[in-house]
Every structure is written in structure tokens, then in C-alpha cells.
């Protein structure tokens, strides 16, 4: 087994907090985009063009994926935080083996969270490219 010290989970606490703030911000951005699309779609004058409907459907599909990924990655980060805190607690009650297992579980859930974050950024980037293309087409 690795030379496991109680400082290992303590070192993750600031990183986990930063991740959760970052993920929360992503969620806020997604929710604002959804509200904006909702407001635009209630304005029936814009719904006349086929291009607009295609673009909105594409955006809604991407936002649904992003929302699901953000929800899962926030849950995963929350579990990582919980496992990390439990690892510290188990170390304090001198259950070093369970502490190590909880610490490793926390690391795995944080890795999952970060991978999902990367996927969400990829989807977001694709959506932004569509907007850039729309702007370029309008300016030509």
C-alpha cells in the first residue's frame, strides 16, 4: 500500500472547492442560455424562418446534453468532496484502511467529474462555432 498520510485528503479540499465553484458557474451560464432561448421562442415573429428553427433545435439539443453533463459532474464533484471529508474523518478515528479507500473513491469521482467537464466544454465549443458561422454568414 502507498504511504498514506492524513495530509493527502487535506490537500484536495481547495481544489474540490474550486471545481465546484467552476461547475456551478457553468450551470448558471447554461440556465441563462436556456432562459434566453425560451424568451426568444415566445416571440413568434422570429419563428417564421426555417433557419431560425433549425438553429434553435440544434442549440436546444446541445443545451440538453450540457445540462445533463453538468448535473452529473456536479454530483460527481459533490461525492468526491464527501468521500474526501469522510476520509479525513476515518483517519481521525484511526481507521486508516477505510480512510484510504474513501480517499481513492474521492479521487475517482473527481476524475470522472473532470472528464465530464472536458466533454461539456467540447459541446459548448461546437455550439459557439455554430454562432461564429452564423455571424460570418450574415457579414458576407
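Quick note: the coordinates plus some simple rules give every number you see, no bench work behind them. Quick caveat, the model's predicted, so the values are computed rather than measured. Methodologically, a virtual Cβ is constructed for each residue, glycine included, from the backbone with ideal geometry; neighbour enumeration extends over all protein chains shown.
So the values come out like this:
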{"quantity": "Rounded to 10°, Cα long-axis angle of helix 96-138 versus longest principal axis of the chain", "calculated": "10"}
{"quantity": "With Cα atoms, 0 to 90° folded angle of helix 7-42 axis to the chain main axis", "calculated": "20"}
{"quantity": "Helix 50-92 axis, angle to the chain major axis (alpha carbon atoms, nearest 10°)", "calculated": "10"}
{"quantity": "Net length gained if the chain between residue 72 and residue 137 were fully extended (0.36 nm per residue, minus Cα distance)", "calculated": "19.8 nm"}
{"quantity": "Full-extension gain in nm, residue 108 to residue 21, via 0.36 nm per residue minus C-alpha separation", "calculated": "29.4 nm"}
{"quantity": "Virtual paramagnetic centre 7 Å along Cα→Cβ of residue 13, amide N under 18 Å, in segment 73-88", "calculated": "78-88"}
{"quantity": "Estimated FRET transfer efficiency (residue 97, residue 119; beta-carbon r; R0 30 Å; 0.05)", "calculated": "0.35"}
{"quantity": "Which of 66, 53, 26 has the fewest Cβ neighbours within 10 Å, and the rest in rising order", "calculated": "53, 26, 66"}
{"quantity": "222 nm mean residue ellipticity, helices alone, for the chain (DSSP H n ≥ 4; -39,500 (n - 2.57); rounded to 500)", "calculated": "-32000 deg cm²/dmol"}
{"quantity": "Ranked list, fewest to most other Cβ atoms within 10 Å of each Cβ, for 70, 133", "calculated": "133, 70"}
{"quantity": "Fewest-first sequence of 81, 18 by Cβ atoms within 10 Å of each Cβ", "calculated": "18, 81"}
{"quantity": "Segment 45-140 - percent relative contact order, Cα under 8 Å, separation 6 or more", "calculated": "33"}
